[in-house]
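Notes follow once the structure below has been shown.
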Amino acid sequence: MKKLLYFLFFSVVFHSNLFSQVEFTKDKQQQVVHVSVAGKPFTDFFFPDTIAKPVLYPIKAPNGTNITRGFPVRPLSGEPTDHPHHLGLWMNYENVNGLDFWNNSYAIPSDKKHLYGTIKFEKFMEVKNGPIGRMVYKANWVDHAGKKHLDEQTAFEIKELNGTWVVDRITTLTAAIPVLFKDAKDGFIGLRVARELQLPTMEKKKYVDAFGIETIVEAIADKAANGNYINSNGVRGEDVWSKKASWCMLYGKMNNDSISILMMDHSKNIGYPTNWHARGYGLFAANPLGDKIFTNGKAERNLSLQPNQSVTFRYRTVIASGKTTLSKNMIETLQKDFESSHSQLLYVGSYTSKGNNGINVYSLDEKTGQLSFVRDYKNPSASYMAMSPDKKLMYVLTEEDKKGAVSAYTVNSSTGELTLLNTEKTIGDGPCYISYNAVTKTVYTANYSSGSVSVFKTEKNGALLPISQHLVYRGSSINKVRQTSSHAHSAVVSPDKKTLFVVDLGTDAIYQHAIGADGLISNKPVVTNVENGNGPRHLVLSSSGVFAYTVNEMAGSVDAFQVTKTGLKKIQTTVIDTVQTKDDHGSGAIHLSPGGKWLLASNRVTSNQVVINKILPDGRIQKTAHVEVTKKPRFFCFDPTGKFVFVCGQDGNQLQVFAFDSNTGKMKSVQKDIDMIQPVAIDFLH
């Protein structure tokens, strides 16, 4: 019955459009899917149980020339027979939890098979013919006993672009158990090319894998080999090996045509630009995780994934044929096209008392909401972050041992990489909120423990100058445990950049400071007092600046205000935490959706919820739903598109992703919760 359903699936989906440019056809006799472009054979997705991983094999150029080695599946006369695990175009790695997935093949002795891993195809998730053919499959990375270490989901997107044939591979690996990719030489995406594209050499070489299995590569005794490499930095020949570059190209003559094979790294991959593991004997590979071997021990990169944590790798392979090799202009066009994918970066700040680094960076697929790990940075207890509107700078709080500091980073607009400029002390203790005024180029921090606000001016490059202003608030309120003194909990810049609103949980007050042309704030703010014992925490303003909303941490409520020059005029109070208690409710964050139609707030002590409220025309809110979320959602936010909501569970040690319907206000989980130690803040590079 399974086989019948399998073939029915392919007969319906693979031939859904007979006029498509890229077409997938299932072979009825074997585990192969044939891929054609414009009616011409291109490659096969080859996934039998007899090989240790799924591959694209063989691969043809647009002129019909086979650019891959035939051995070991379909050997050709005169071609080399080394490295039987080099087959077509594949992706795996030499050291995953100590298992070698890269070198596994029929040539491994049975007494050593337990040291090697296998990637087993599971099922197809999506197959679509069209101008851009798309095929998505799932596979499992397993050890010799069949225990799963990684879930793999790979999408192949295939198209013709200006006469070249393009394969984009997007692979997301999700840990089934704790996984360590140990820094190693052999990985990550690999292609074994035809004899003609090897670099000519008369030297016999020996290669040994991590478990002592030897492979001999014989010298080339004829003139067939005429290939050569060049990378994005202009390095040529075998010198491209170990060098970092955003792309590398192998080119040479086959029959009467010039063949070009271009492989591209993506700026959102780990280790970008990648190290190239490109050998003259025909192995063409990119390995972003092999820093130790490629730098002679000067650097090392070990990637760890916790269960349910994912990492995504994106690579483009381009095959061209014609009278000349691919031009520089064409390569630039292909690279721009590859980088124009619909994705953005997500920076997640966390408390670091348990030894985590502080800032984790993820890539967000704007179509699906899927997150994949990119890199991390050490920043002690990164409790709040603020990105400049031009996305060139990011300011990050350090909240550690009640003292605090703020760090300035530059942001690489292409890769999202952070470079530390400098760090300055906040003077105020317990900083918990940071904001940036793009007009005055000043940074503001609200300091909870000392009940104060700090103001920093910045250099032209964005670096922080020593603190320019430190204003301390005085007072108390009725709660004799939490409100014996001021506790400034947020400092929010108004949409017109002329006012700073400081929300004080300790005094049940909201301070409204005028911002001067130099970014400093007035010493005599307009004060709005809220109901005693509310404990206001965070504030958001409508894009027009007409309405303001505060979440009251202790009362479990939201106050809606009309903003005036003489203060905030309350127009409504809404209970968002319906749990009956005399204790603190612990409500947390509050955010408006992009477009301003919805107001969301979180509860994090007596309940663990995100509460959805509709904004009415008069500025009041109407509660519509409570959504149960991870434990202690200290922070949540929308992505810039408004399509997704991200929830940080400080005690749940999880990051959750929900799809958000801007018409109905409904939230729906879109992927497994991501395990992360004490996440508490998020910002975006869109």
- [ ] Consider Gly78 carefully, then state whether it is surrounded by fewer than 17 Cβ atoms within 10 Å (Cβ to Cβ) and modelled with pLDDT of 95 or more.
- [x] no
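For the stretch 649-668, give me each residue that is among the small types (Gly, Ala, Ser), within 18 Å of Asn613 (Cβ to Cβ) and part of a strand (DSSP E or B). Let's see the steps before the verdict.
Residues of the stretch 649-668 that are among the small types (Gly, Ala, Ser), as a first pass: 649, 652, 659, 662, 665.
Keeping just the survivors that are within 18 Å of Asn613 (Cβ to Cβ) gives 662, 665.
If the condition is that a residue be among the small types (Gly, Ala, Ser), within 18 Å of Asn613 (Cβ to Cβ) and part of a strand (DSSP E or B), then no residue fits.
I'd like to verify a number: residues in the stretch 100-136 that are over 28 Å from Val166 (Cβ atoms), of a type outside the set (Lys, Arg) and either out of contact with any helix residue (DSSP H, G or I) (no Cβ under 9 Å at 6 or more places or on another chain) or buried (at least 22 other Cβ atoms within 10 Å of the Cβ) (or both), how many?
If we filter the stretch 100-136 for residues that are over 28 Å from Val166 (Cβ atoms), which is where we start, we get 100, 103-118.
Among the residues that remain, those that are also of a type outside the set (Lys, Arg) are: 100, 103-111, 114-118.
When the remaining residues are screened for being either out of contact with any helix residue (DSSP H, G or I) (no Cβ under 9 Å at 6 or more places or on another chain) or buried (at least 22 other Cβ atoms within 10 Å of the Cβ) (or both), the result is 100, 103-107, 109-111, 114-118.
Final tally of qualifying residues: 14.
Does Phe338 qualify as being assigned to a helix (DSSP H, G or I) and within 24 Å of the chain's Cα centre (by Cα)?
Numbers: assigned to a helix (DSSP H, G or I): yes; within 24 Å of the chain's Cα centre (by Cα): yes.
So Phe338 fits the description; yes.
Need at least 2 residues that are more than 37 Å from the chain's Cα centre (by Cα) per element, so show me which strands (runs of 3 or more DSSP E) inside the stretch 532-589 make the cut, counting only ones lying wholly within it. Can you show your working first?
On the way: elements: 536-541, 547-552, 557-564, 567-575.
The qualifying strands (runs of 3 or more DSSP E) are 557-564, 567-575.
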- [ ] Name every residue in the stretch 145-171 that is touching a residue at least 40 places away in the same chain (Cβ under 8 Å) and under 19 Å from Trp102 (Cβ atoms), in order of residue number.
- [x] His149, Leu150, Thr154, Arg169, Thr171
Task: Criterion violated by Leu56 - all others in (1) modelled with pLDDT under 90; (2) within 29 Å of Lys323 (Cα to Cα) satisfied - done: (1)
Open item on the list: Of the conditions (1) closer than 26 Å to Gly642 by Cα; (2) hydrophobic (A, V, I, L, M, F, W, C); (3) modelled with pLDDT of 95 or more, Leu345 satisfies every one except a single condition; which number is it?
Closed with: (3)
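When you go through Thr440, Thr419, Thr499 one by one, which is the residue that is modelled with pLDDT under 95, in contact with a strand residue (DSSP E or B) (Cβ under 9 Å, 6 or more places away or on another chain) and not hydrophobic (A, V, I, L, M, F, W, C)? Steps first, answer last, please.
Numbers: Thr440 fails: modelled with pLDDT under 95; Thr499 fails: modelled with pLDDT under 95.
Unique residue meeting the criteria: Thr419.
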Open item on the list: Take the residues in the stretch 474-498 that are in contact (Cβ under 8 Å) with a residue 24 or more places away in the chain and under 18 Å from Phe456 (Cα atoms); name whichever of them is surrounded by the fewest Cβ atoms within 10 Å (Cβ to Cβ).
Closed with: Lys497
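Each row is one residue, and each column tells you yes or no for (1) more than 20 Å from Phe561 (Cα to Cα); (2) surrounded by 15 or more Cβ atoms within 10 Å (Cβ to Cβ).
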position	(1), (2)
Asp577	no, yes
Asp583	yes, no
Ala589	no, yes
Ser593	no, yes
Gln609	yes, yes
Asp618	no, no
Task: The one condition in (1) on the phi < 0 side of the Ramachandran plot; (2) at pLDDT 95 or above; (3) crowded, with 22+ Cβ neighbours inside 10 Å that Gly282 fails to fulfil - done: (1)
Task: Contacts under 9 angstrom Cβ, first residue in the stretch 442-464 being not assigned by TED's automatic domain parsing to the domain that holds Val493, partner crowded, with 23+ Cβ neighbours inside 10 Å and at pLDDT below 95, 6 or more apart - done: none
- [ ] Check every one of the strands (runs of 3 or more DSSP E) wholly within the stretch 61-168 and list those with 1 or more residues that are of a type in the set (D, E, K, R).
- [x] 118-128, 132-142, 148-161
Open item on the list: Suppose we keep only residues that are at pLDDT 95 or above and within 17 Å of Leu520 (Cβ to Cβ) within the stretch 427-437. Which one would you say is surrounded by the fewest Cβ atoms within 10 Å (Cβ to Cβ)?
Closed with: Ser435
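Hey, does the stretch 293-303 have a residue that's part of a helix (DSSP H, G or I), surrounded by fewer than 20 Cβ atoms within 10 Å (Cβ to Cβ) and at pLDDT below 95? Working first, answer last.
So in the stretch 293-303, the residues part of a helix (DSSP H, G or I) come out as 293-294.
Filter once more, so that each one left must be surrounded by fewer than 20 Cβ atoms within 10 Å (Cβ to Cβ): 293.
Next, from what is left, pick out any that are at pLDDT below 95: 293.
Checked against the condition, which is being part of a helix (DSSP H, G or I), surrounded by fewer than 20 Cβ atoms within 10 Å (Cβ to Cβ) and at pLDDT below 95, the stretch 293-303 yields at least one hit.
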Open item on the list: Between Tyr377, Tyr347, which is out of contact with any Asp or Glu (no Cβ under 8 Å at 6 or more places or on another chain) and touching a residue at least 40 places away in the same chain (Cβ under 8 Å)?
Closed with: Tyr377
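The values are calculated or read from the model by the stated rules, or taken from the named source; none is laboratory data. Source: prediction; values computed, not measured. Heads up, the Cβs are rebuilt from the backbone with ideal geometry, glycines too, and the neighbour counts pull from every protein chain shown.
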